[in-house]
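Okay, so here's the structure we're looking at.
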Amino acid sequence: MGLFRKIKQKIRDGALREFAQEAKWLWQYIRRYRAAVLIHILLGVLGILMSLASSVASKYLIDAVTGFHAGRIGSAAALMVGMMLGNIAMRSISSRVGAVLNIRIHNEMQAEVFERILSTDWESVEQYRSGDLLNRLNSDTNAVSGSVTGFIPSFVSSLVQFVGAFCIILFYDPTMAVIALLGVPVSVICSRVMVGRMRRYNKQMKAIHSEVVSFQEDSFQNLTSIKSFGITAQFSRKMEQLQRQYKDAYLDYNRFSVYTAAFMSVVSMVVSAGCFGWGVYRLWAGAISYGSLTMFLQLASTLGGAFSSIVGLVPSAISVSTSAGRIMNVVQLPEETCGEAEGLGQERDVTVCLTGVNFAYQTGERVLREIDLTAAPGDLVAISGPSGGGKTTVLRLLLGLVTPQQGSVELIGGSGRHYPVSAATRSVFAYVPQGNSIFTGTIAENLRLTKPEATQDELEEALRLACAYDFVKELPGGIDYRVGGRGKGLSEGQAQRIAVARALLCRAPVLLLDEATSALDEETESLMLQNLMGSGVVRTCIVVTHRPGTRKFCTSSYAIRDGQLQRLTQGGS
């Protein structure tokens, strides 16, 4: 009754349902590669059968050598050697097939998870730190893909090995077969105890490891700030604290595993001793030969090893299940809404219109209240306001990254057609975010991210419009100068101008600049904005800025105050 109560409680807690969902998700990859997985399993099974056959052959070889069965030395030796070589061949081929299959599944799974993260609703995926996403994308996908070529074939092979060894022992000596099975009930009970605790330990360690990776990534990205403030010791202490947390969880898990493994080893030793004692007694009584005793001892060891392998796969299954659950948590996040934008690509004159917009993030208070904003072709609009006031949120609304709770955000084409803003309307916008957005690679590679087929002349023209050509041509290699991650090797102002040039190459009619000129002097900023609006490429430009001086270059200026958008006079009041 106690067992049934525990099972019912687990069902109520959702543990079994969660495990079943994870197994079902994993099954899609097994089914996709079922032919290759089956071949891999069959190769492993053939190797196991050959190994069992060599044990039987050893019996007849020893019996022939000791005179129990004369005239079988040559055939028994040939069979034994042949089975051993066949086992080696099967294992080698299986290992190669498994490696090829593993990398195929890993790459496909990782690519699918990566693509899904990119297409996930922006606000939903923002709840995860980048280090945690990287851990799920790499460590967890590696664990799950490895289970298809590791866990499942190992389980089948161990099961075949166990059943095969038991059947052979049963055929020759039923009593020894019973003795060899004495450890099974104990192992099953032990496994029931292990499963729940191991799952908790795995979740805890993976969560802490993700936190460690996130902390390391944040530290390296902000290394200059850490050094400049002289707080390296503080970050080192934080790292040591996280390591202690991981160490404590790991050692708790290890202690539990050691105790469990020791107990199982004692059980296995008792069973082996029983098999050995029974075999010796049967040999002393003249009921079996030396060859039979040798075979029994080999098979008893094989039987115990096979069952131990099956039990030992429990931690692997739990780890894989935990990793699958962590991946599922990400891939099952809602995808962003694409909407309809048919015909928008032919519109060159686009008016941006926000009407009565109210917006609040999922975890915070209302950011924008009754926002009304119109930016028509030819307009250069500035939006200012305090940090955290909602300026960047306005741009996110325009890009369809977030959706207002009330009001509308839409585009009005020159034809008069209205297009509700969504992921499908982003082709109208060229966006330059705040902060350094330069990727590792050459300047040319960074520019071609928005237009892979861009010619050299087009790259140079974009650089000129962004006031970047003069300094780029002086760099070693010019446009082929290689920069590090986050623009390493360039000044902040240089990185901003290259980012603007990259945005121009996609030739979108509406340009969004989010503090994208903050590192430029006023003269360069003025020249760039004049170039952009006179280029014929940019029809409308919305600039988010903290600098009051930027407003004098704009056709209209707004300030966000207490979540509301207020239009400013040319004087800035």
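The values are calculated or read from the model by the stated rules, or taken from the named source; none is laboratory data. Computed from a prediction, not measured in an experiment: that's the story for all the values here. Don't worry about glycine lacking a Cβ; one is built from the backbone with ideal geometry, like all the others, and counts go over all protein chains shown. Only protein heavy atoms, including side chains, enter the accessible area calculation; ligands, DNA and RNA are left aside. Shrake-Rupley method; radii C 1.70, N 1.55, O 1.52, S 1.80 Å.
The set of residues from the stretch 373-401 being assigned to a helix (DSSP H, G or I) and aliphatic (A, V, I, L, M) comprises 394, 395, 397, 398.
Give the residue, chosen from 111, 99, 23, 35, that is within 30 Å of residue 167 (Cα to Cα), under 27 Å from the mean Cα position of the chain (by Cα) and open to solvent by 40 Å² or more (accessible area, probe 1.4 Å). The unique qualifying residue is 35. Taking the criterion of being among the acidic types (Asp, Glu) and either closer than 19 Å to residue 295 by Cβ or open to solvent by 80 Å² or more (accessible area, probe 1.4 Å) (or both), the only residue of the stretch 241-279 that qualifies is 248.
Look at (1) at positive phi; (2) without any contact (Cβ under 8 Å) to a residue 60 or more places away in the chain and you find that residue 486 fails only one, number (2).
Residues checked against (1) over 30 Å from residue 318 (Cβ atoms); (2) modelled with pLDDT under 75; (3) assigned to a helix (DSSP H, G or I); (4) in contact with a Lys or Arg (Cβ under 8 Å, 6 or more places away or on another chain):
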{"residue": "18", "(1), (2), (3), (4)": "no, yes, yes, no"}
{"residue": "21", "(1), (2), (3), (4)": "no, no, yes, no"}
{"residue": "24", "(1), (2), (3), (4)": "no, no, yes, no"}
{"residue": "35", "(1), (2), (3), (4)": "no, no, yes, no"}
{"residue": "39", "(1), (2), (3), (4)": "no, no, yes, no"}
{"residue": "45", "(1), (2), (3), (4)": "no, no, yes, no"}
{"residue": "50", "(1), (2), (3), (4)": "yes, no, yes, no"}
{"residue": "61", "(1), (2), (3), (4)": "yes, no, yes, yes"}
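Screening 145, 139 for residues that are closer than 30 Å to residue 216 by Cα, in contact (Cβ under 8 Å) with a residue 12 or more places away in the chain and buried (at least 21 other Cβ atoms within 10 Å of the Cβ) leaves exactly one candidate, 145.
Within the stretch 331-359, the set of residues being part of a loop (DSSP other than H, G, I, E, B) and touching an Asp or Glu at 6+ places or on another chain (Cβ under 9 Å) comprises 333, 334, 336, 337. Comparison of 339, 291, 356, 343 shows that the only residue that is more than 30 Å from residue 262 (Cα to Cα), in contact (Cβ under 8 Å) with a residue 12 or more places away in the chain, in contact with a Gly (Cβ under 7 Å, 6 or more places away or on another chain) and among the small types (Gly, Ala, Ser) is 356.
Scanning the stretch 323-335 for residues that are closer than 14 Å to residue 204 by Cα and either open to solvent by 20 Å² or more (accessible area, probe 1.4 Å) or modelled with pLDDT under 80 (or both) yields one hit, 326. Confirm whether residue 91 is out of contact with any His (no Cβ under 7 Å at 6 or more places or on another chain), open to solvent by 30 Å² or more (accessible area, probe 1.4 Å), among the basic types (Lys, Arg) and touching a residue at least 60 places away in the same chain (Cβ under 8 Å). Judged against the criteria, residue 91 is not a match. Here is the figure for the stretch 418-460: residues that are more than 16 Å from residue 500 (Cα to Cα), open to solvent by 40 Å² or more (accessible area, probe 1.4 Å), in contact (Cβ under 8 Å) with a residue 12 or more places away in the chain and in a strand (DSSP E or B) total 1.
Among the residues of the stretch 223-240, those that are open to solvent by 80 Å² or more (accessible area, probe 1.4 Å) and at pLDDT 75 or above comprise 234, 237, 240. Can you pull out every residue in the stretch 286-308 that is polar (S, T, N, Q) and at pLDDT 75 or above? Once the filter is applied, which keeps residues that are polar (S, T, N, Q) and at pLDDT 75 or above, the stretch 286-308 yields 289, 292, 294, 298, 301, 302. Could you please let me know if residue 219 is open to solvent by less than 60 Å² (accessible area, probe 1.4 Å) and closer than 30 Å to residue 488 by Cα? Yes, satisfied.
Taken together, the residues in the stretch 169-205 that are open to solvent by 30 Å² or more (accessible area, probe 1.4 Å), part of a helix (DSSP H, G or I) and either touching a helix residue (DSSP H, G or I) at 6+ places or on another chain (Cβ under 6 Å) or modelled with pLDDT under 75 (or both) amount to 15.
Of the helices (runs of 4 or more DSSP H) lying entirely inside the stretch 114-163, those containing at least 3 residues that are more than 12 Å from the chain's Cα centre (by Cα) span 122-125, 141-149.
With respect to the conditions (1) on the phi > 0 side of the Ramachandran plot; (2) assigned to a loop (DSSP other than H, G, I, E, B), residue 370 falls short on a single one, namely (2). Out of the residues in the stretch 403-417 that are in contact with a strand residue (DSSP E or B) (Cβ under 7 Å, 6 or more places away or on another chain) and part of a loop (DSSP other than H, G, I, E, B), which is nearest to residue 485 (Cα to Cα)? Looking at the filtered set, the residue picked out is 404. Remark: residue 282 matches the filter, which requires a residue to be open to solvent by 60 Å² or more (accessible area, probe 1.4 Å) and closer than 20 Å to residue 165 by Cβ.
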